[in-house]
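Presented below is the structure to which this report refers.
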Amino acid sequence: MEPFRFHLFVCTQQKPEGVPSCPASGSLAVLGALDGELQAHGLNREVQLTTCGCMGLCDEGPVMVVYPAGVWYRRVQPSDVSEIVTAHIGKGQPVARLVWNDAPAMKAMAVEHGEKFREAMAARDRAGVLPDRLDQMIRGYMPSRCLLTALELDIFTAVGDGANSAQVGAKINANARATGMLLNALVALGLLSKSGDDYKNTHEAARFFVQGSKDNHRNGLLHTANIWHRWSTLTDAVRSGTCVQSEQEEKPEWKRNFIAGMQRNAKDRAPLMVKALGASNSKVRRVLDLGGGSGAYSIAFAKASPEVRCEILDIPEVVPLTAEYVRQAGVSEQVTLRTGDMLKDDFGSGFDIVMLNAICHMFSEEQNRDIIRRAYRALAPNGRLVVQDFILNPDKTGPQQAALFSLNMLVNTDGGASYSEGEYTQWMKAAGFAEVCRVNLPGPSSLVVGLRK
Ligand SMILES: C[S@@+](CC[C@H](N)C(=O)[O-])C[C@H]1O[C@@H](n2cnc3c(N)ncnc32)[C@H](O)[C@@H]1O
Ligand code: FES
């Protein structure tokens, strides 16, 4: 039985550059147009739109199939989509000029393609060619470096509503020839478009990378650009077992970008965490936010309940930045700031919640055990310690993001790492917490919560 009135499959099989494929012929644009058109007609609840792998008809792409009748379309373009939705989905009349119903020819093409493909793969294997997956992993830094350089140079803001390479080069005070090369690469990466000599931002680039745009992420992403330099020291860090000092951190804008990066990660997660802790309607009155950074989590607590008072402890260089975020959020009455060192200073007492959001990965096991012991003492009876971080599986080989983040802490700190749920549980139990549980949030990090009886 078909759960949907129609089921549309659009081939989006990626293939190496130069090899015919549906994405190379524009299937991703067709997919986007179909999604938009179905939504516009209010059909997305009765029509399922699904991507699929290669169907062996790559020279005739973009290929799509409409079930339950099994109508095959070839060479579909975004400009055809409105007609397909109106005629086929709306009135049950397939668009004849795009339908491909020569079943014997299609089958022969698909079978021949499959045989050739398997033969080519076997030949590559025999010749010892590096698999594409490994090759892409090796060169993965190239697109990343291109985009980070574009952000560092504020290229997208310089492109604005449209500019040629000389104009962009002059605006960012860079060499015109090299600027042109970077702009062309950004077109190849789908972040700019080019018409004649003029470049334009794509919709995404204009939205996320241009100064002044409401959703601009550039400031937060510049933190990732700073971290990139640290990652280039990974080989030495693995040899020595700890981070290799870099001049980078001394630059004054480093901390501002760092805290903007923290804010970027935290602002959508913070209300989810407050909700997960059931803190908006419970007896939570006093919250201690150790290393509060941009204050996003304290701000979310304060906004969830006017009864809550939060105290943020952070280092002297960061607290003035925290103060800006707290003031902008309009919660200065509820959120107080304290300058200090969480590795040494007294935490105070009587808190209902002590938060360690993205903190434990900065420190060694010994330092974390000590912080957790002192956090226990700072809690009121029935108070909770909340650790939020990337949590590793017991054997520490995944999730991938947590395992990679562990190396991020190797290149950035003296003794930091990602830790497993078992380690956090053990440290909390040793500190006296009666119950410890894990709470998963959407996204890459989770909570480990300890209850002081
Ligand atoms: C990775 S950020 C996390 C910020 C915030 N908790 C969040 O999740 O968005 C780490 C924070 O800890 C602060 N920090 C680092 N070492 C500290 C220390 N010894 N004492 C107090 N704060 C510290 C940093 O300044 C920074 O704000
Ligand atoms: S890539 Fe789409 S049919 Fe082969």
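FYI, it's all coordinate maths here, none of it is from the lab. Predicted model only: the values in this text are computed from it and were never measured. Cβ sites come from the backbone with ideal geometry, for glycine too, and all protein chains shown count toward neighbours.
Numerical summary
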read-out	value
Farthest positive-ward along the chain dipole, Cα basis, beta-carbon charges - from LEU57, ASN440, LEU410	ASN440
Derived scalar couplings ³J(HN,Hα) [segment 108-119; Karplus, 6.51 cos²θ - 1.76 cosθ + 1.60; whole Hz; x for Gly, Pro]	4, 5, 5, 5, 4, 4, x, 5, 4, 4, 5, 4
Pair VAL99, ASN44: separation of 7 Å Cα→Cβ label points (nm)	2.9
Nearest-20 debye value, segment 1-46 charge dipole, Cβ charges on Lys, Arg, Asp, Glu	40
5 angstrom amide H check on HIS41, placed H, neighbours 5+ away	none
For segment 268-451, size of Cβ-based charge dipole, Lys and Arg +1, Asp and Glu -1, in debye	580
Segment 122-144 versus segment 380-403: alpha-carbon centroid distance in Å	34
Listed peptides 104-111, 11-18, 272-279 by packing density, highest first (mean Cβ within 10 Å)	272-279, 11-18, 104-111
From phi via Karplus (6.51, -1.76, 1.60), per-residue ³J(HN,Hα) for segment 328-333 in Hz, x at Gly/Pro	4, 7, x, 10, 4, 5
Distance (nanometres) between label positions extended 7 Å along Cα→Cβ at TRP254 and PHE4	5.0
Share antiparallel - DSSP beta bridges, the chain, percent rounded to 5	50
For the chain, cysteines whose Cβ has no other cysteine Cβ within reach (under 4.7 Å)	CYS52, CYS54, CYS58, CYS146, CYS243, CYS310, CYS360, CYS437
Theoretical FRET efficiency, 1/(1+(r/R0)^6), r = Cβ-Cβ of ARG133 and LYS344, R0 51 Å, to 0.05	0.60
Built amide H within the under 5 Å cut-off of THR202, gap 5+	LEU192, SER193
Relative contact order (percent, whole number), segment 268-451, Cα cutoff 8 Å, 6+ residue spacing	18
Nonlocal amide H pairs with ALA380, under 5 Å, H built at 1.01 Å	GLY350, PHE351, ASP352
Segment 282-340: relative contact order in percent, alpha carbon pairs under 8 Å with at least 6 residues between	38
Pairwise centroid distance, computed over Cα atoms, of segment 306-321 with segment 410-442, Å	23
Top positive-direction residue, dipole computed over segment 88-188 with Cβ charges, set ASN173, ALA120, THR157	ALA120
Length-normalised contact order of segment 140-216 in % [C-alpha pairs under 8 Å, at least 6 apart]	30
Cross-link pairs LYS283/LYS303; LYS255/LYS396; LYS171/LYS200; LYS429/LYS453; LYS200/LYS255; LYS283/LYS453 - those with Cα-Cα distance over 22 Å	LYS255/LYS396; LYS200/LYS255
Electrostatic dipole magnitude of the chain [Cβ: Lys, Arg +1; Asp, Glu -1; Cα centre; debye, to 20]	760
Karplus 3J(HN,Hα) series, Hz, for segment 164-170 with 6.51 cos²θ - 1.76 cosθ + 1.60 (x for Gly, Pro)	8, 5, 5, 5, 5, x, 5
Pair LEU407, ASP197: separation of 7 Å Cα→Cβ label points (nm)	4.3
